[in-house]
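Undergrad: My questions will all concern the structure given below.
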Amino acid sequence: MDAVEKRIKIKKKIFSNLNKKLTLLFVIVAIVAPTLGIYFFYIISTSAMPELKPEQINLITMTAIVIITIIAIDAGIIGFLVSRSISKPIKELYKATKEVEKGNFNVRTNIKTNDEIQELSYAFNNTTAALGKMEEERREIESAKTEFLSITSHELRSPMTPMKAQLQMLWNEYFGKLTQEQKESLSIVIRNADRLDKIISDFLEISRIEAARLKFVFRETDLRETVTETVELMKAFANEKNIKLITKIEQLPIIEVDPDRVSQVLRNLINNAIKFSHDNSAVEIGAEAKYDFILFYVKDKGCGLSAENQIKVFEPFYQVEKTAYRKYGGTGLGLTICRGIVESQKGNIWVESKPGEGCTFYFTVPHKPVRETEPIKALFSPRNTIEKKLKEEACIEENKWTEDDFDLIFLSDENANILDCNENLLRRLGYTKDEMLSLNMADFDAIESKEDIINRINQAKKNGNIDFKTIHKKKDGSAILVHETMQYLKDKNVFKCIVKEE
């Protein structure tokens, strides 16, 4: 959390208590001032008029108490109105800034206090108007970029088909016999033409993803067959490096899905796994049925990825360790296209890895297809978003997280029963407090079984804390990918989970 966010939090806390503080101040002043005044008046009057009777003194005292009470009530009301007149416009400005933070640049404030706060309101409205205009221009540029990419890709591809056909005719000596040197030269041209055609095809796919024009043909499918067919298709490539492809496929439900798109993602992940695996090693491909989605994974024993590369690996044109792995070729768009396909169907895709220990790529396919896809920004993620993720990963590795940095917090016992949680967890997962306290972690941890969770709890108890990625299941059946830190509170013998949503 940066310094600006901390200052906002402090200001919010101050202004949330402003009404109470000012009202209390008015009441104190209203009680103390007249009390002192009446006390001195009482001393002077009794000393000056010793002949006053007790009944008269009591009457004066009661009158003084009534006066003080009336003044205190009036002061309290005035204090509340004054404090509210100060805090209300500030609260309005605060709520408006939160809307801007969410990307709503149409928000405006209407503060008429005839002071500096009103001037601040005018400045805020002018700023949001300028931001709104910039956002509109940005969207127009994005649209123009996507359209340009699509048109250019189509125009480039149009001459490619006849050109490749003519090259193949030359190679097959349709126009006459070729010398060995001519064939070698022609083979170089054909390989580069194929590579150029692949680049153009990838650009076309990216443009479809960004314009929400990616085509899906849904049909009832047994994805076990899809995985098996894809693995068989990739075996020829794996045999070149003597890599064994191992499948671990559980019983999967028949769901409505586009099997060709699933196969496309799997082919890309398996292809990368083979590329970056050592010779004579193995690549494991698996699929498991979860609550409302199917989880796929491709696991290799290659070079692995650093934390920075894990974040950037889905970015377009990104080459892991560019100088060392450039020899593998490729456009650097394959994983970006995979991300676009998966996220178009409201799935998740991510990687878990350690340098030198290989990679495991995961992706999910929901049981229910998304027929109307939304545009997905593929070129490129904002630089500050990547830097923020890198910063978060560094904090996780160094265990520098504080509770303020996380979205969700909950406590559990050794059997994974939920003991307590914060309001953010309830809102995000859609449960009431009573419902949440009746759940076990296995009820909303969609990626792991209860046995896996218990093992994780035992590991946290042994090490003090552990970090991991998982998927939380919401009450409505959807799921969210999260990064979770589990801490063992030894003094209470409970486990505290602080969760950052991906």
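Read-outs throughout are calculated quantities, based only on the coordinates presented, and are distinct from any laboratory measurement. Note that this is a predicted model, so its numbers are computed, not measured. Using ideal geometry, Cβ is built from the backbone for each residue, glycine included, and neighbour counts are taken over all protein chains shown.
Undergrad: In sequence order, what are the phi-derived ³J(HN,Hα) couplings for region 293-307 according to the Karplus relation 6.51 cos²θ - 1.76 cosθ + 1.60 with θ = phi - 60°, rounded to whole Hz, with x for glycine and proline?
TA: 7, 10, 9, 10, 8, 10, 10, 10, 10, x, 6, x, 10, 6, 4
Undergrad: With a point put 7 Å past each Cα toward its Cβ, work out how far Glu229 is from Lys248 in nm, to one decimal.
TA: Going by the 7 Å Cα→Cβ label model, 2.6 nm.
Undergrad: Next up: So, in Å, what gap is there between the alpha-carbon centers of region 454-502 and region 147-171?
TA: The distance from the Cα centre of region 454-502 to that of region 147-171 comes to 52 Å.
Undergrad: Counting Lys +1, Arg +1, Asp -1, Glu -1, what net charge surrounds Thr336 among other residues with beta carbon under 12 Å of its beta carbon?
TA: -2
Undergrad: Which whole-number percent gives the relative contact order of region 414-474, counting Cα pairs below 8 Å spaced six or more residues apart?
TA: Answer for region 414-474 is 40 percent.
Undergrad: Neighbouring Cβ atoms within 10 Å as the yardstick, rank Arg208, Arg219 fewest first.
TA: So the ranking, lowest neighbour count to highest, is Arg219, Arg208.
Undergrad: Moving to a separate point now. Using the basic label-point model (7 angstrom from Cα toward the beta carbon), what is the Phe218 to Glu101 distance in nanometres?
TA: 3.6 nm
Undergrad: Return the long-range amide H neighbours of Thr113 (sequence gap of 5 or more, or a different chain), with a cut-off of under 5 Å between placed amide H atoms.
TA: Gln118
Undergrad: Taking the Cβ of Gly477 as the centre, find all other residues whose Cβ is under 13 Å away and add up their charges (Lys, Arg: +1; Asp, Glu: -1).
TA: Charge balance in the 13 Å sphere: +3.
Undergrad: Full-extension gain between Arg371 and Asp420, please, as 0.36 nm times their residue separation minus the C-alpha to C-alpha distance.
TA: That works out to 13.8 nm of additional length.
Undergrad: Could I ask something else about it? Could you compute the net charge surrounding Glu232? Neighbours are other residues with a C-beta less than 12 Å from the C-beta of Glu232; K and R count +1, D and E count -1.
TA: Once all neighbours under 12 Å are counted, the net charge is 0.
Undergrad: Here is a follow-up. Order these by the 10 Å Cβ neighbour count, fewest first: Val298, Val107.
TA: Details: Val298 24, Val107 16.
Lowest count first: Val107, Val298.
Undergrad: Does region 399-501 come out rounded, prolate or oblate by the C-alpha gyration tensor, with a ≥ b ≥ c the root eigenvalues, rounded set by a/c under 1.5 and, if not, prolate when a/b is larger than b/c and oblate if not?
TA: rounded
Undergrad: Out of all DSSP beta bridges with both ends in region 207-325, state the antiparallel percent to the nearest 5. Display every interim value, and only then the final one.
TA: On the way: 9 of 15 bridges.
The antiparallel fraction comes to roughly 60 percent.
Undergrad: Can you give me the relative contact order of region 141-210 as a percent, contacts being Cα pairs under 8 Å and 6 or more apart? Kindly include the intermediate steps, with their values, before the conclusion.
TA: Working: 32 pairs, mean separation 39.5, N = 70.
Normalised by residue count, the contact order of region 141-210 is 56 percent.
Undergrad: Would you mind checking which residues have amide H under 5 Å from Ala282's amide H? H placed 1.01 Å from N; only 5 or more apart, or other chain.
TA: Lys244, Lys301
Undergrad: Same structure again: Report, by chain and number, residues whose modeled amide H sits under 5 Å from the one on Lys474, excluding near sequence neighbours (fewer than 5 apart, same chain).
TA: Residues meeting the criterion, in which the H sits 1.01 Å from N, are Ala479, Ile480.
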